[in-house]
1. Cβ-Cβ distance below 7 Å, separation of 6 or more or different chains: which pairs start in segment 118-130 with a residue that is in contact (Cβ under 8 Å) with a residue 12 or more places away in the chain and farther than 14 Å from THR69 by Cα and end on one that is of a type outside the set (Val, Ile, Thr) and surrounded by fewer than 14 Cβ atoms within 10 Å (Cβ to Cβ)?
2. Tell me, yes or no, whether segment 75-93 has at least one residue that is out of contact with any strand residue (DSSP E or B) (no Cβ under 6 Å at 6 or more places or on another chain) and modelled with pLDDT under 85.
Amino acid sequence: MFKVVKKIRELRFPSVSFKPSNSLIAFFLVVVAIFILGGGVYDIMEKPISVLPTPSNPIFYYPGMTDQTLNESLIFILFLIMGVSGGYLSFRSTRHAYRPREARMLLAIGVTMMIIAFIGCETVLAWKGV
């Protein structure tokens, strides 16, 4: 009995030393957050209809907050991606302190992207009739 326990203690398993980088972990957390905030879980669970936008069939089929189409979700996810990308560009602009022209350009692009994303998200909610 003791020999078996001793052999089990001496047993060596191959070690896997894979540790993802912090940037990769942060990226996947942002992707998951955008997916959840954009209604990805609703899209998977409810399988909403995808509407081709025509004059008789608008993009936002359901008035109100209880239902949505796939198009609404995709538009909102694109605006969220634009806002997060703008925030990241604004953050990256601080790394170019010795090149002020490049820093100002990145900051202007990032802030513009965030403003467009904010206005777009508010417009999507206004179209829904909230």
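The values are calculated or read from the model by the stated rules, or taken from the named source; none is laboratory data. Here the structure is a predicted model, which is why all the values come from computation and not from measurement. Positions of Cβ are backbone-derived with ideal geometry, glycine not excepted, and every protein chain shown enters the neighbour counts.
1. GLY129/PRO63; GLY129/GLY64; VAL130/MET65
2. no
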